[in-house]
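Please read the structure below before turning to the comments.
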Amino acid sequence: MCAYIRGTMFMEWVLFSISFVRRVHEGSIINLALHQGDSHDFDAKMFLLWALPLALYLFYRWSVATYDYFEKRNIPYVKPVPFFGQVWSFFTQGKHAVDVASEGYYMFPNTRISGVFTLRTPSYLVHDPTLYKQMAIKDFDHFTDHVTEFYTDTDPILARSLFFTNGTHWRQHRSGLSPAFTGSKMRSMFGLLSKSAGDAMDRLVVFSRDKSFTMELRDLYSRLGNDVMSSISFGVEVDSLTDRENEFFLKGKRLAQIDGLPGLKFLMATTIPKVFRFLRLSGMYKDVNEFYLDAVSRNIKLRETNRITRPDFIHLLLQARKNTLGAEKHDDETLQDAGFSTAQTHAVEQKGEGKLSWEDIDIAGATASFFFGGIETTTTLLCFASYELAINPSIQDRLREEIDATREELEDGKTPTYEILQKMKYLDMVVSETLRRWTPLGLTNRKCTKNYTFTNTNGTQVTIERGQNVSIPLKSFHLDAKFYPDPLRFDPERFSDPHNINQDAYVPFGTGLRNCIGSRLALMQAKCILFLMLSNFIIKPDTKLTIPIVLDETSAGLNAKHGFWMNLVPRRT
């Protein structure tokens, strides 16, 4: 309808212009202009009156020339706005970008795939979780790349992070990093994580002075995440609760910023990558690039000079540089499962491409991406888990009972171990349900790398052509009543029996060979911090908390518009 109205208004303007020119030929307007004595100006105006409508009309025809793409192929699609396609909705509907991009999922419930236009370029939205799984695993060679891609000349750090690499570089990167994320490696790293989070929680307890106080939890969890990830990514110990303006926190905040200008640039890199490249824009601030490269290079030099060994990511990547990084298969079997949400590991075929050399800048790119994921994604998970626990006190009480029972098994009565967290079933149920109800990354994508044909629900053959983009609405899968009855209700009991869950439709970390490599890290970090938080505090809604939560539609990620304001009540245990 919107496209029709705009097209009608435009044609009315063209008809008006033609009428105006006809009057020119009849002489009435020319005589008036000559009477005013300015024939040259008039000639220029006449040219514009002819040329401008014609140019606008030609531009309009060009902008809509591809809009019959899906109609010809008998594929349902979201009706586009001339030139803008569906992008116009990002600016006019007041919805989150993920919800706008997923509109077709709700408009066309009886199809495996639908069409959408980004500006004038056709792309696809997958509706069927089984189809997504098939694309991501069995037919992965058709969808090896992500849509968003950065370049080393403008983004030396982001371009080397695993999520944004494609082709041969991605295969080298993924196969080189996979041994760093096994269960045994995570267990070795867990001591650093639990110490950093435990020390921060002790400082928070001292700060409380045994009195309840109000905090905005995104700020709190991002500071805890910064300290943890600074330790296990860069080998640096910081205290962001006390030293609130430390350089690692300030740079990390700029690295993990996904709203405002950085969020807009990420949106551009995904929706109009050619324009993003043409303008030579960068996704990360220059000073942030320089900071992380310098931090990694200095840390590597210090370790090599002083023969320092520390069970963190830099140590693991230095092992990768020396070709000594490998999986410890003898104990991986008992440690691989970090919870129901753990993303399945898939072997990546190398195809004789060789191995990545792991220069300092490659290590900086990898560690910065872990740092980003460890702060942003885990912070989002913790914020929404705390929100649900605060407004569902019975669930919080039950989880606290499990935590208190578990603490009795611990040597010091407070510091969890990697193995202990794995055994906590209700904690895993709460985390799993939070990832379902509030999926941190609600939409992922793939680029078709060679033509792909499948059968749609109506029996027609659909061919996704090489170079076209495909979006996968993870959030829509998780909130679909077909898979989860009463999907908006927070109910950890859904996960009491894993056999009741449609595993194709539960993909908080994606699926297949390009799923999230750091799912074990995210889960152990979130569970450890929740364990420590509920060991020491009762979380209650503050008067400044908006219930129900209102999402910030301007953020590229998932965030509360008015913050996660909670009242933390110290426990006297």
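The values are calculated or read from the model by the stated rules, or taken from the named source; none is laboratory data. The model shown is predicted, which means the values in this text are computed figures rather than measured ones. Using ideal geometry, Cβ is built from the backbone for each residue, glycine included, and neighbour counts are taken over all protein chains shown. The protein model used for the area step is the full one, side chains on, heavy atoms only, and it has no ligands, DNA or RNA in it. Shrake-Rupley method; radii C 1.70, N 1.55, O 1.52, S 1.80 Å.
Here are a few things to note about the model shown:
- Scope the range 240-260; condition surrounded by fewer than 17 Cβ atoms within 10 Å (Cβ to Cβ), more than 15 Å from Val288 (Cβ to Cβ) and in contact with an Asp or Glu (Cβ under 9 Å, 6 or more places away or on another chain); matching residues: Asp259
- Qualifying position, being at pLDDT 95 or above, under 30 Å from Gly191 (Cβ atoms) and surrounded by 20 or more Cβ atoms within 10 Å (Cβ to Cβ), among Phe495, Phe477: Phe495
- Taken over the range 124-134, the criterion of being under 20 Å from the mean Cα position of the chain (by Cα) and open to solvent by 10 Å² or more (accessible area, probe 1.4 Å) is satisfied by His127, Lys133.
- Residue check for Thr380: closer than 17 Å to Lys527 by Cα, buried (at least 22 other Cβ atoms within 10 Å of the Cβ), touching a residue at least 60 places away in the same chain (Cβ under 8 Å) and among the β-branched types (Val, Ile, Thr): yes
- Test set (1) surrounded by fewer than 21 Cβ atoms within 10 Å (Cβ to Cβ); (2) touching a helix residue (DSSP H, G or I) at 6+ places or on another chain (Cβ under 7 Å) - Glu401 fails condition number: (2)
- Summed over the range 279-302, residues that are over 24 Å from the mean Cα position of the chain (by Cα) and surrounded by fewer than 17 Cβ atoms within 10 Å (Cβ to Cβ) total 5.
- Summed over the range 470-503, the residues that are in contact (Cβ under 8 Å) with a residue 60 or more places away in the chain and part of a helix (DSSP H, G or I) give a count of 8.
- Of the residues making up the range 425-450, those that are farther than 18 Å from His127 by Cα and touching a Ser or Thr at 6+ places or on another chain (Cβ under 6 Å) number 4.
- Single residue of Glu237, Glu216 found to be open to solvent by 60 Å² or more (accessible area, probe 1.4 Å), of a type outside the set (Val, Ile, Thr) and more than 17 Å from Pro570 (Cβ to Cβ): Glu237
- Every residue from the range 530-573 that is open to solvent by less than 30 Å² (accessible area, probe 1.4 Å), over 22 Å from Ser394 (Cβ atoms) and not in a loop (DSSP other than H, G, I, E, B): Ala560
- Taking first residues from the range 172-193 that are among the basic types (Lys, Arg) and partners that are modelled with pLDDT of 90 or more and open to solvent by less than 20 Å² (accessible area, probe 1.4 Å), the Cβ contacts under 6 Å between residues at least 6 apart in sequence or on separate chains come to Arg187/Tyr418.
- Taking the range 190-221 as the range and being closer than 19 Å to Ser369 by Cα and touching a Phe, Trp or Tyr at 6+ places or on another chain (Cβ under 8 Å) as the test, only Phe190 passes.
- Selection within the range 37-78 - at pLDDT 90 or above and exposed (fewer than 14 other Cβ atoms within 10 Å of the Cβ): Ala65, Asp68, Glu71, Lys72, Asn74
- Residue count for the range 90-99 under the criterion of being surrounded by 21 or more Cβ atoms within 10 Å (Cβ to Cβ) and at pLDDT below 90: the result is 2.
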